């Protein structure tokens, strides 16, 4: 059984700017975000990790490198959602431009494309689920740190918990917070901690 420590990256300037959607934009951590990653390293210092993985985007990779204390393996399947036309905008800005796009996404993100031209929730879940399936082939037990993003993390958790994907926003994951779950080829998915500070 794997113990997965799913980490959202630390703060970026766009997170601080009314949660401007970063998506695939490669935004670095702020000084506060670096401090948050250092705090996670202290929180997890008693845990031995068999591997540390991250999204290829700098904000997640930098968080993983600071918090994990070992070599980080980048995996493209952990990249943040492609938010299409919502990229670089706040929710208030893009809803004002086209409220129907947001309504469609909130009603059924599994089938609708984020920002009209981005990924569907089902496409996101499929690639993240594939990553974790392959992880189980590489590690049969131990602790694994995975640094990724708010959108992909919450959609994957909603899927694994059997929630309709449209409810993914009910799950909270703050910058540099850790969600812990157990993953096994033979046992059911078990959520141990959500949005935790140890």
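Structure notes:
- Nearest-0.05 FRET efficiency for residue 133 and residue 90, computed from C-beta distance (R0 25 Å): 0.10
- Sequence-separation-based contact order of the stretch 1-116, relative, with Cα cut under 8 Å and 6+ spacing, percent: 26 percent
- Label-reachable residues, the stretch 153-180, where backbone N falls under 15 Å from a point 7 Å from residue 43's Cα toward its Cβ: 172-180
- Each DSSP beta bridge with both residues in the chain is either parallel or antiparallel, and the antiparallel ones are about 45%.
- Contact order normalised by residue count of the chain, Cα under 8 Å, 6+ apart, percent: 32 percent
- Between residue 184 and residue 73, the FRET efficiency from the beta-carbon distance, with R0 = 30 Å, is close to 0.90.
- Label point of residue 13 set 7 angstrom out along Cα-Cβ; within the stretch 64-89, amide nitrogens under 16 Å from it belong to 88-89.
- Distance between the C-alpha centres of the stretch 94-166 and the stretch 34-53: 24 Å, rounded to the whole angstrom.
- Order of 58, 130, 92, 87 under a 10 Å beta carbon neighbour criterion, fewest first: 92, 130, 58, 87
Quick note: the coordinates plus some simple rules give every number you see, no bench work behind them. Note that the coordinates shown come from a computational prediction; the quantities given were computed from them, not determined experimentally. Reconstructed Cβ throughout: ideal geometry from the backbone, glycine too, with neighbour counts over all protein chains shown.
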